[in-house]
Every structure is written in C-alpha cells, then in structure tokens.
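The values are calculated or read from the model by the stated rules, or taken from the named source; none is laboratory data. It should be emphasised that the depicted structure is a prediction, and the values quoted were computed from it without experimental measurement. Every residue, glycine as well, gets a Cβ built from its backbone with ideal geometry; the counts of neighbours run over all protein chains shown.
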Amino acid sequence: MTRFSLCCWGNSHLAALKIAWDKHRSEYPGITLGFFGAPGKQLREIEIKNGKATPQNPQLARALRLVSGGAESVDLEAHDAFALVGLELGFRVFLTTLRGHLATPEFKTARKQQDLISDTCLRHCLKDLLTHSVSVKLLKKLKRDTPKPVYIITEPHLSEAALNQKATDHLPRLKRTGALPRMHGLYSEFLERIVLEAGGILVPQPSDTLTDDGFTRKKFSRGSSRLLAADEQHDGDDARHMNEAYGNRVLKDLFTRIEADLPLQGRPGG
C-alpha cells in the first residue's frame with residue numbers, strides 16, 4: 001500500500017473513524033493517521049496561517065490535546081493530505097432546518113407530496129447552510145494556505161432508527177409523501193458544487209451503509225462512542241452518530257481515493 005500521512009479534522013463524527021483506526025491500523029501498513037477535533041462547532045475557532053493551524057481559545061486547545069494525544073496545533077507540512085469530517089455538512093442538518101416549516105395540519109396527514117416550499121427557496125436555504133458550515137469555511141482556510149488535497153466527509157445520514165423517534169417525527173411524513181428523494185437530490189447537487197468550488201474533494205458515504213430509503217443501516221449506529229471519552233457510548237436511541245464498523249468502512253473508501261489521487265513522487269515513502 002502506498003505510504004502517506006493524513007490528518008483528519010472533525011467534530012463528534014470523527015470518533016467513529018478514530019476508534020476504527022485504533023482497532024484496525026494494522027490493516028493499513030504504511031499509512032500515518034492523525035486526528036484533530038473537538039465537539040460541535042469549536043473548530044471554527046482555528047487559525048490557519050503560515051503553514052500552521054492553532055486554536056484560538058483554551059477550551060478548544062484542551063479538546064484538541066485530548067483527541068490528538070497531546071498536540072494542540074498542526075504543522076500542515078507534516079501531512080500529505082487532510083480530511084474534514086462532519087462539521088455541519090450533512091443531509092440531517094438540512095432536514096432539521098426544514099422541520100419547523102413542515103408542521104401544517106394538512107402536511108401531517110398528507111399522502112401525496114405537497115410543495116410547502118418552492119425549489120427556489122430550498123436552493124437558497126441549501127446554499128446558505130453549506131456555504132456557512134464549519135466544514136466549508138475550514139476548507140477555504142486550508143486551501144488558502146496549502147495546495148495539498150482536502151477530502152470532505154459529511155456526517156452520516158440519520159440511522160433508520162430515526163423513523164421511530166419523536167424528535168424526528170417529520171421524517172416518516174417526508175418518506176410517505178415521497179419528498180425525501182427530491183430533497184436529497186437538491187442537497188447532493190449543491191453539496192458537490194460548493195465543495196468543488198471551494199477546492200475540496202467529496203468522499204460520499206459508502207453506499208452499502210445505506211438503506212434503499214437513504215438512511216444509514218441501524219447496525220452502524222449501535223454502540224457509537226463519544227469523541228472526548230471513547231469508553232463512553234452515546235444514548236441507545238442516538239441516530240446521528242455511527243460506530244467503529246461504520247468508521248472502518250469510511251476509512252477504506254477514503255484511503256482508496258487518496259491512493260488514486262496522490263502522486264508517488266515527492267512524498268515520504270514514494
């Protein structure tokens with residue numbers, strides 16, 4: 001396997017990849033992987049300047065030390081590529097934003113698709129959500145400071161378990177009315193365009209982790225761990241975060257893509 005050094009940045013969704021790497025790293029000889037993350041939106045407080053990424057407040061610095069194993073800054077020259085994981089990019093974010101606009105009595109009982117929001121409105125909403133996400137803002141910061149490739153991994157689609165939860169009670173209606181495929185098509189269109197325009201490389205969620213309806217298979221959400229305390233798992237009904245099996249599946253696709261993209265010459269081990 002081609003040698004390369006990759007630095008993965010992310011929020012709570014980074015945990016699945018980190019735990020998978022800790023367990024399966026022997027399966028990927030020659031690859032060096034570092035993790036640089038913090039829960040929520042904290043990575044928006046990262047400054048990238050002169051080839052170095054540094055935190056701008058003590059709380060973020062502490063989280064980065066916990067996740068990385070001691071380091072609170074990143075030397076961009078020490079890595080061949082970067083990956084941004086989660087960080088407000090995900091179909092769930094879009095669905096959550098729309099939830100408050102899908103509460104009319106007619107929609108709750110509808111059996112057919114109802115256009116409560118026009119495509120134009122949806123497109124404006126999507127553009128704003130994606131452009132102002134932590135992931136895209138961080139991507140732009142990185143590309144201003146380094147020509148090295150930056151791979152974008154969105155947060156996983158909600159687990160199919162979300163269809164039976166009160167907090168996501170709008171999902172069965174969207175599924176029943178046939179609106180989900182249309183909304184996902186719009187989302188995917190804008191996601192690919194905005195990531196490409198910002199200089200990133202999108203790595204889609206592995207298709208074999210998804211149901212036919214576009215939800216993550218339930219087996220991948222069981223036993224997901226927290227980013228700052230890997231020995232602690234999320235609540236049993238958590239449908240947002242995925243487990244080590246999911247993380248390993250994502251790593252396989254990510255590594256395959258990086259190997260295809262990076263030239264052999266001019267890199268460590270090349």
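Structure notes:
- Here the strands (runs of 3 or more DSSP E) wholly within the range 1-91 that include at least 3 residues being crowded, with 21+ Cβ neighbours inside 10 Å are 4-10, 31-37, 81-85.
- Test: residue in the range 81-98 that is at pLDDT 80 or above, out of contact with any helix residue (DSSP H, G or I) (no Cβ under 7 Å at 6 or more places or on another chain) and farther than 24 Å from Gly185 by Cα: no
- Taking the criterion of being touching an Asp or Glu at 6+ places or on another chain (Cβ under 8 Å) and part of a strand (DSSP E or B), the residues of the range 196-247 that qualify are Ile201, Leu202, Thr216, Ser225.
- Considering the conditions (1) at pLDDT 85 or above; (2) over 21 Å from the mean Cα position of the chain (by Cα), Asp169 is excluded by exactly one of them, (1).
- Residues satisfying the stated conditions in the range 10-25, i.e. closer than 12 Å to Thr154 by Cα and aliphatic (A, V, I, L, M): Leu14
- Of residues in the range 230-254 being modelled with pLDDT under 95 and under 19 Å from Trp9 (Cβ atoms), the one surrounded by the fewest Cβ atoms within 10 Å (Cβ to Cβ): Ala230
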